[in-house]
Amino acid sequence: PTPTRALDARARRSDRAPSRRRLVRAFAAARSDRAADDGPKLDLPRASRRDVLVRGFASALILPRSRAALADDLFCGYYSQNSAVVPQWARETPWSEGYVDTSAAVGLEGAKTFVRILGDQKKAEGAGLTPVLCLHGGPGLGFKYMDGLEVLASEKREVASYDQIGCARSPYASKKGQNQTTAAAALSPPSGTYTPALFADELAEVRRATGLGRVHVVAHGWGGMLALDHVLGGNGVDGGSSGGGVASIASLTLVSVPPSYARLIADRREALRQMPGEYAQVLLDGDEGGAGGGNLSDAGRKLYETALDEWTRRFVSKRAAGACYRGLKVAGAGAGFSARANDPPDALGVASARAVARDMTGGCLFNEAGSLRGWDADDGGRLAMLAAAVPGGVRFVVGEDDALSEAGAREVYDAVARVEMTPTNVSFETIPDSGSCVHLDKSADFLESTAAYVAARDA
């Protein structure tokens, strides 16, 4: 069927818009297994997730009419993006998307976070299926390259995702620059604005506003680092930022998560030894000062781009193509509300995502810089508490060809598992013939194993 664009749906939504009284109808009662939890609970909104996505705005709801999922919106790395092969379940699965006002939570005036939830909340709760919350990596990327995880909704489960502030469909400009139209005029917030603590605050607010209390978390790269901060605190994040108590995370699947940011950088530099000499050297030269190759000659920049493509193919994803591949680059995908995930970013989106990368990593791939400098997975010995904080299970996954070495990834697992006499709820998997993005390179295997993993931990 011809897709209904978000803004068109918004314009036609008045005939079915709920009253303000209906918007505050009671949130569905928690299941008995949740009621038995001893930990503190999220202050859940008294409305459906679909109704509260834009709760922070005083204006009328801008949420589009629920409609079937479309191939150009979904399945990066799993199904062809040819609409002819959209599976039947996707045609019958509604989704909702909108903005959560996160400005107060993160201290940035006008900040809002694009959130998308696939699936029917009532049906999922009726089937006893806990939502999956996906956290994308980067920093500076959006969710596009991970949207194959929405296939998990094929079993009536809700799958929630969002683009982190400044990224993809959540672009941010300082108040002074919001009325400007060029990348140069769209002023970024002051240097140092984006920190792990800011993104942890955003995550907590997204969960609170959408009523995502008990969830399974599937996270990749920087998203996994964020998940650890969210659950355990540390690295400048206040303890308990997860907001839902220790029982609020049903399970954790952490893909390509390093023991420290310093170790990740060291492993990346070691992986450069596998590259042709001229590629390795131009990547190091172009990385200086976070220049991204901009400090090189015209010929040097061309070589830098070629080398970066080869780096991505070898160590990040062997199979990403098209919009999936663009989504693996800072400012590579997403163009604001009503845009499809495949749309390229506008000038504001590019400037915004680059500001995130600038603050978090110094714009560097092979040098430790930015606010992630010094990040430590075991900050304060916190990993000893992870298995207890997530009793449902913690699963570590790394691709065999990831630049993050298997030894490095195992350091995190070992720090969690060694405190368990029988660590049956903590597991480690190495995925052969895969880079960092195992959900792309081994998508069917990863999604099937993940579906089984979360299903076994719903109760």
Worksheet item: Which members of the stretch 172-202 meet the condition of being more than 15 Å from Ser371 (Cα to Cα) and either aliphatic (A, V, I, L, M) or at pLDDT 90 or above (or both)?
Response: Tyr172, Ala173, Ala183, Ala184, Ala185, Ala186, Leu187, Asp201, Glu202
Discussion item. Part of a helix (DSSP H, G or I) and under 20 Å from the mean Cα position of the chain (by Cα): is that true of Ser436 in this structure?
Written reply: no
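Scanning the stretch 99-115 for residues that are among the small types (Gly, Ala, Ser) and open to solvent by 20 Å² or more (accessible area, probe 1.4 Å), which turns out nearest to Val206 (Cα to Cα)?
Ala105
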Worksheet item: Out of the stretch 292-309, which residues are over 25 Å from the mean Cα position of the chain (by Cα) and touching a residue at least 60 places away in the same chain (Cβ under 8 Å)?
Response: none
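Scan the stretch 397-404 and give yes if some residue there is in contact with a Gly (Cβ under 7 Å, 6 or more places away or on another chain), part of a helix (DSSP H, G or I) and modelled with pLDDT of 95 or more, otherwise no.
No.
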Response to the item:
Given (1) over 21 Å from the mean Cα position of the chain (by Cα); (2) open to solvent by 10 Å² or more (accessible area, probe 1.4 Å), Val426 misses just (2)
Worksheet item: When residues of the stretch 361-404 are filtered for being free of Cβ contacts under 8 Å to residues at least 24 places away in the same chain and touching a strand residue (DSSP E or B) at 6+ places or on another chain (Cβ under 6 Å), how many remain?
Response: 0
Discussion item. So, Glu448, is that one touching a Ser or Thr at 6+ places or on another chain (Cβ under 6 Å), of a type outside the set (Val, Ile, Thr), free of Cβ contacts under 8 Å to residues at least 40 places away in the same chain and over 25 Å from Gly233 (Cα atoms) or not?
Written reply: no
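Can you tell which of Val257, Val282 is modelled with pLDDT of 95 or more, among the β-branched types (Val, Ile, Thr), closer than 18 Å to Val398 by Cβ and open to solvent by less than 30 Å² (accessible area, probe 1.4 Å)?
Criteria check complete, one pass: Val257.
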Fill in: Matching option when the condition is farther than 30 Å from Gly128 by Cα and among the basic types (Lys, Arg), among Arg208, Arg214, Arg268
Arg268
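Per-residue answers, yes or no, for (1) among the charged types (D, E, K, R); (2) more than 19 Å from the chain's Cα centre (by Cα):
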{"position": "Thr361", "(1), (2)": "no, no"}
{"position": "Phe366", "(1), (2)": "no, yes"}
{"position": "Leu372", "(1), (2)": "no, no"}
{"position": "Asp378", "(1), (2)": "yes, yes"}
{"position": "Pro391", "(1), (2)": "no, yes"}
{"position": "Arg395", "(1), (2)": "yes, no"}
{"position": "Val398", "(1), (2)": "no, no"}
{"position": "Ala403", "(1), (2)": "no, yes"}
Worksheet entry | Test for Arg395: is it under 18 Å from Gly223 (Cα atoms), basic (Lys, Arg) and open to solvent by less than 10 Å² (accessible area, probe 1.4 Å) | yes
Discussion item. Condition first: part of a helix (DSSP H, G or I), over 24 Å from Leu440 (Cα atoms) and either open to solvent by 60 Å² or more (accessible area, probe 1.4 Å) or small (Gly, Ala, Ser) (or both). Now tell me which residues in the stretch 285-328 satisfy that.
Written reply: Asp285, Gly286, Glu288, Gly289, Gly290, Asp298, Ala299, Gly300, Arg301, Lys302
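Quickly run through the stretch 116-162 and pick out the residues that are within 24 Å of Gly322 (Cβ to Cβ) and among the β-branched types (Val, Ile, Thr).
Val151, Val159
Taking Leu74, is it modelled with pLDDT of 90 or more and hydrophobic (A, V, I, L, M, F, W, C)?
The answer is no for Leu74.
The values are calculated or read from the model by the stated rules, or taken from the named source; none is laboratory data. Computed from a predicted model, the values in this text were never measured in an experiment. Note that each Cβ is placed from the backbone with ideal geometry, even for glycine, and that neighbours are counted across all protein chains shown. For accessibility, only protein heavy atoms count, side chains too; no ligands or nucleic acids. Shrake-Rupley method; radii C 1.70, N 1.55, O 1.52, S 1.80 Å.
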